[in-house]
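Enquirer: The structure that follows is given in the form of structure tokens.
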Amino acid sequence: MKKNVTNDHSQLTSIPLWLKRPIGKASELSTVQKIIKQRNIHTICEEGRCPNRGECYSNKTATFLLMGPICTRSCAFCQVDKGHAPMALDPDEPQKVAESVKLLGLRYVVLTAVARDDLADGGAQWFVKVMEAIRQLNSDTKIEVLTSDFWGGKEGKLSQKQRVETVVKAQPACYNHNVETVQRLQGPVRRGAKYERSLDVLKWVKELEPKMPTKSGLMLGHGETESEIIETLKDLRRVDCDRLTLGQYMRPSLDHLPVQKYWTPDEFEHLGEIAHSLGFSHVRSGPLVRSSYHAGEEG
């Protein structure tokens, strides 16, 4: 019988060998870290301590974290800071990100953000401003967005769909929104989010711009079963989601949800084959895969 997902600090599991890898060249890491620190901007690569950041930096790809490092939600898996008031938007952030893209010679950029339920549009227009600034300085750089569901508990002046439409109209190379886990585990894992609400985001993108690639991802290890994963993949295909990432959840600290299972590389390969058979055009499935892993190769 499977254990229920719990935040019991006594549950510690040894990390398997296949999840241990070199962080990458120190020179590549330090160059990026220096540039973002000088400009007081953020990347999810650093805030989330992504194990692939050295590889991505060397491939001229990076994921910028917009609208500050503090999230208005409290998802139980995420390492991004939360639990207190978010920062005021930095009016210079779009230009700072654009300059960083140019200095680093990035060919493919992923823009993500903390959830900003405190903002009237959830931050949708901010994504557009940053995209415009990047394109002014880096006309050949492709931009993927990884957004929240743009739900703030109240509709405000713009509906959730209109917020999504604001970003879609800016024509990103790919629109990514993660469901993160299977339907049964949404409550304990994604506090403040809803499974159907996330599927709606992906559905609306295709309704608004049928040719725009959409993408979603799951973190495995929260206690989901293979049959639940497959059902989730089918749900994503029902809303015409094109691209998929499957990776292993790794507990950031004792204050986060414990890992219920470490899925093996062979199991990830098997799930990737299933995803391909269901019609996903691009699939990244492996223990160390994250939302932006090899994203530039898809664009």
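Enquirer: In region 187-198, how many are buried (at least 21 other Cβ atoms within 10 Å of the Cβ) and closer than 18 Å to Asp242 by Cα?
Expert: The first filter runs over region 187-198 and keeps only residues buried (at least 21 other Cβ atoms within 10 Å of the Cβ), leaving 189-190, 198.
Subsequent filtering for residues that are closer than 18 Å to Asp242 by Cα retains 198.
The total comes to 1.
Enquirer: Another question, if that's okay. Select from region 207-221 the residues that are assigned to a helix (DSSP H, G or I) and either under 30 Å from Pro265 (Cα atoms) or in contact (Cβ under 8 Å) with a residue 12 or more places away in the chain (or both) and list them in ascending order.
Expert: If we filter region 207-221 for residues that are assigned to a helix (DSSP H, G or I), which is where we start, we get 207-208.
Residue satisfying the conditions is Leu208 alone.
Enquirer: Now for a different question. Scan region 222-243 residue by residue and report those that are within 19 Å of the chain's Cα centre (by Cα) and farther than 14 Å from Arg184 by Cβ. Can you show your working first?
Expert: Taking region 222-243 as the starting set, the residues that turn out to be within 19 Å of the chain's Cα centre (by Cα) are 222, 229, 232-233, 235-237, 239-243.
Correct list: Leu233, Leu236, Arg237, Val239, Asp240, Cys241, Asp242, Arg243.
Enquirer: Considering only residues that are in a helix (DSSP H, G or I) and touching a helix residue (DSSP H, G or I) at 6+ places or on another chain (Cβ under 7 Å), look in region 108-131 and name the one that is nearest to Lys161 (Cα to Cα). If you could, list the steps in order and put the result at the bottom.
Expert: If we filter region 108-131 for residues that are in a helix (DSSP H, G or I), which is where we start, we get 124-131.
Next, only the ones that are touching a helix residue (DSSP H, G or I) at 6+ places or on another chain (Cβ under 7 Å) stay: 124-125, 127-130.
On the way: Ala124: 11, Gln125: 13, Phe127: 15, Val128: 16, Lys129: 19, Val130: 20 Å.
Ranking the candidates gives Ala124 first.
Enquirer: Quick check on my filter: what residues within region 241-258 are in a loop (DSSP other than H, G, I, E, B) and either basic (Lys, Arg) or surrounded by 19 or more Cβ atoms within 10 Å (Cβ to Cβ) (or both)? It would help to see each step written out before you state the result.
Expert: Filtering region 241-258 for residues in a loop (DSSP other than H, G, I, E, B) gives 241-242, 249-258.
Hits for region 241-258 are Cys241, Asp242, Tyr249, Arg251, Leu257, Pro258.
Enquirer: Given (1) in contact with a Pro (Cβ under 7 Å, 6 or more places away or on another chain); (2) in contact (Cβ under 8 Å) with a residue 60 or more places away in the chain, identify the lone condition not met by Phe127.
Expert: (1)
Enquirer: What are the residue pairs meeting all of these: first residue in region 276-287, first residue free of Cβ contacts under 8 Å to residues at least 40 places away in the same chain, second residue of a type in the set (Val, Ile, Thr) and not in a helix (DSSP H, G or I), Cβ atoms under 9 Å, and 6 or more apart or on different chains?
Expert: Matching pairs, first to second residue: His276/Val283.
Enquirer: Please specify each residue of region 152-206 satisfying the condition of being farther than 24 Å from Lys142 by Cβ, at pLDDT 95 or above and part of a loop (DSSP other than H, G, I, E, B).
Expert: Thr181, Val182 - these are the residues of region 152-206 that are farther than 24 Å from Lys142 by Cβ, at pLDDT 95 or above and part of a loop (DSSP other than H, G, I, E, B).
Enquirer: Out of (1) of a type in the set (A, V, I, L, M); (2) at pLDDT 95 or above; (3) under 22 Å from Arg107 (Cβ atoms), the odd one out for Ala295 is which?
Expert: Among (1) of a type in the set (A, V, I, L, M); (2) at pLDDT 95 or above; (3) under 22 Å from Arg107 (Cβ atoms), Ala295 violates only (2).
Enquirer: Could I ask something else about it? Please find, among Thr147, Thr112, the residue that is within 20 Å of Ile35 (Cβ to Cβ) and touching a Ser or Thr at 6+ places or on another chain (Cβ under 8 Å). Before the answer, list the steps.
Expert: Numbers: Thr147 fails: within 20 Å of Ile35 (Cβ to Cβ).
After applying the criteria, what remains is Thr112.
Enquirer: Would you check if there is a residue in region 199-218 being small (Gly, Ala, Ser) and surrounded by fewer than 20 Cβ atoms within 10 Å (Cβ to Cβ)?
Expert: The first filter runs over region 199-218 and keeps only residues small (Gly, Ala, Ser), leaving 216-217.
With surrounded by fewer than 20 Cβ atoms within 10 Å (Cβ to Cβ) added as a condition, the list becomes none.
Within region 199-218, none of the residues are small (Gly, Ala, Ser) and surrounded by fewer than 20 Cβ atoms within 10 Å (Cβ to Cβ).
Enquirer: Filter region 85-107 for residues that are within 20 Å of the chain's Cα centre (by Cα) and assigned to a loop (DSSP other than H, G, I, E, B); which is surrounded by the most Cβ atoms within 10 Å (Cβ to Cβ)?
Expert: Applying the filter and picking the extreme gives Leu106.
Enquirer: Just one of (1) in a loop (DSSP other than H, G, I, E, B); (2) free of Cβ contacts under 8 Å to residues at least 40 places away in the same chain trips up Glu273, so point out which.
Expert: Tallying (1) in a loop (DSSP other than H, G, I, E, B); (2) free of Cβ contacts under 8 Å to residues at least 40 places away in the same chain, Glu273 fails exactly one: (1).
Enquirer: I'm told Arg238 meets every condition in (1) surrounded by fewer than 15 Cβ atoms within 10 Å (Cβ to Cβ); (2) touching a Leu at 6+ places or on another chain (Cβ under 6 Å) except one. Can you identify the failing condition by its number?
Expert: Here Arg238 clears every test but (2).
Enquirer: Within region 163-186, restricting attention to residues that are among the polar types (S, T, N, Q) and farther than 20 Å from Val109 by Cβ, which residue is surrounded by the most Cβ atoms within 10 Å (Cβ to Cβ)?
Expert: Step one: list which residues in region 163-186 are among the polar types (S, T, N, Q), which gives 166, 171, 176, 178, 181, 183, 186.
The next check asks that each one be farther than 20 Å from Val109 by Cβ; those that pass are 181, 183, 186.
Details: Thr181: 27, Gln183: 16, Gln186: 18.
Here the answer is Thr181.
The values are calculated or read from the model by the stated rules, or taken from the named source; none is laboratory data. Not measured: the values here are computed from a predicted model. Glycine also receives a Cβ, built like all others from the backbone with ideal geometry; neighbour counts cover every protein chain displayed.
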